[in-house]
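The values are calculated or read from the model by the stated rules, or taken from the named source; none is laboratory data. Predicted model, so just to flag it, every value in this text is computed and none were measured. We place every Cβ from the backbone using ideal geometry, glycine too, and count neighbours over all the protein chains shown.
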Amino acid sequence: MTILRPDLAIIAGNLRPGSKILDVGCGDGQLMLALQQHKNVDARGLEIDGHDVASAVARGLSVVQGDADNDLAAYPHNSFDYAILSQTLQTTRRPDIVLDHLLRIGREAFVSFPNFAYWRVRMALMARGRMPVTAHMPALWYETPNIHHTTIGDFRVFLRDRGVRIKGEWFLSGGMPRGGRMANLFAEHAVFLLIKG
């Protein structure tokens, strides 16, 4: 299989072959291409960046330009087996509404995001009193697309309050899997598989 970013590899490894998927914020379509080649999925993509859309279409992928905050409402209920939102939730204006649409459009939803409670992020804020810049969050505070800084703990409470069930969860540090124990402190990234409650 194509070498994928670690969170995308987790998603790819846990999708049923032959599924119909919508990849929201699909970038240049790397995940979609890998899934089509190795899992025989019917993949569609939505991406805000025109350059990435052009790259994905040039690879023969079915990707349209659009914005998760505005365009998900147009998709019919249960039109996909999986809706995928990888490293995009924190960039949306209304993550609550986006998540509602994901779970309406897909029978299940994969969501991955950086954990802003990771210990190195906490230390950078405490020691320097400045927003951290890390390998996974390389932009300065005024350049970052991240407008909602969530943590694993925040996300779990958010899901509980909305009646969303967690079907699977995976955590990463340094690109490597790590256990769920104290994940809010020790995991850089989280991947959740969600279903309606």
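The table that follows gives values for the structure above.
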| quantity | calculated |
| --- | --- |
| Tally, over the stretch 7-27, of residues that are farther than 14 Å from residue 85 by Cα and either at pLDDT below 95 or out of contact with any Phe, Trp or Tyr (no Cβ under 7 Å at 6 or more places or on another chain) (or both) | 5 |
| Inter-residue pairs, beta-carbon under 9 Å, first without any contact (Cβ under 8 Å) to a residue 12 or more places away in the chain and in the stretch 55-68, second part of a helix (DSSP H, G or I), 6+ apart | 60/33; 60/36 |
| Hey, residue 42 among the charged types (D, E, K, R) and out of contact with any helix residue (DSSP H, G or I) (no Cβ under 7 Å at 6 or more places or on another chain) or not | yes |
| Identity of the residue in the stretch 63-78, small (Gly, Ala, Ser) and part of a helix (DSSP H, G or I), that ends up nearest to residue 24 (Cα to Cα) | 68 |
| Count of residues meeting criterion [surrounded by fewer than 23 Cβ atoms within 10 Å (Cβ to Cβ) and either farther than 20 Å from residue 98 by Cβ or aromatic (Phe, Trp, Tyr) (or both)] in the stretch 23-43 | 10 |
| For residue 103: the one exception among (1) among the hydrophobic types (A, V, I, L, M, F, W, C); (2) out of contact with any Asp or Glu (no Cβ under 9 Å at 6 or more places or on another chain); (3) assigned to a strand (DSSP E or B) | (3) |
| Members of the stretch 163-180 found to be of a type in the set (A, V, I, L, M, F, W, C) and surrounded by fewer than 13 Cβ atoms within 10 Å (Cβ to Cβ), listed by number | 176 |
| Residue selected from the stretch 39-62 under the condition in a strand (DSSP E or B) and acidic (Asp, Glu), by the criterion nearest to residue 11 (Cα to Cα) | 42 |
| Unique match (being over 22 Å from residue 57 (Cβ atoms) and of a type outside the set (Lys, Arg)) among 23, 28, 42, 7 | 7 |
| Boolean, residue 20 is basic (Lys, Arg), closer than 22 Å to residue 98 by Cβ and over 16 Å from the mean Cα position of the chain (by Cα) | yes |
| Any chance residue 81 is in contact (Cβ under 8 Å) with a residue 24 or more places away in the chain, outside any helix (DSSP H, G or I) and acidic (Asp, Glu) | yes |
| Wholly enclosed strands (runs of 3 or more DSSP E) of the stretch 120-197 bearing at least 3 residues modelled with pLDDT under 95 | 176-178 |
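For every residue, the table says whether it meets (1) under 20 Å from residue 64 (Cβ atoms); (2) of a type in the set (S, T, N, Q); (3) modelled with pLDDT under 95.
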position	(1), (2), (3)
90	no, yes, yes
95	no, no, yes
100	no, no, no
107	no, no, no
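Residue by residue, here is whether (1) closer than 29 Å to residue 165 by Cα; (2) crowded, with 21+ Cβ neighbours inside 10 Å holds:
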| site | (1), (2) |
| --- | --- |
| 65 | no, no |
| 71 | yes, no |
| 74 | yes, no |
| 82 | yes, yes |
| 101 | yes, yes |
| 107 | yes, no |
| 119 | yes, no |
| 122 | yes, no |
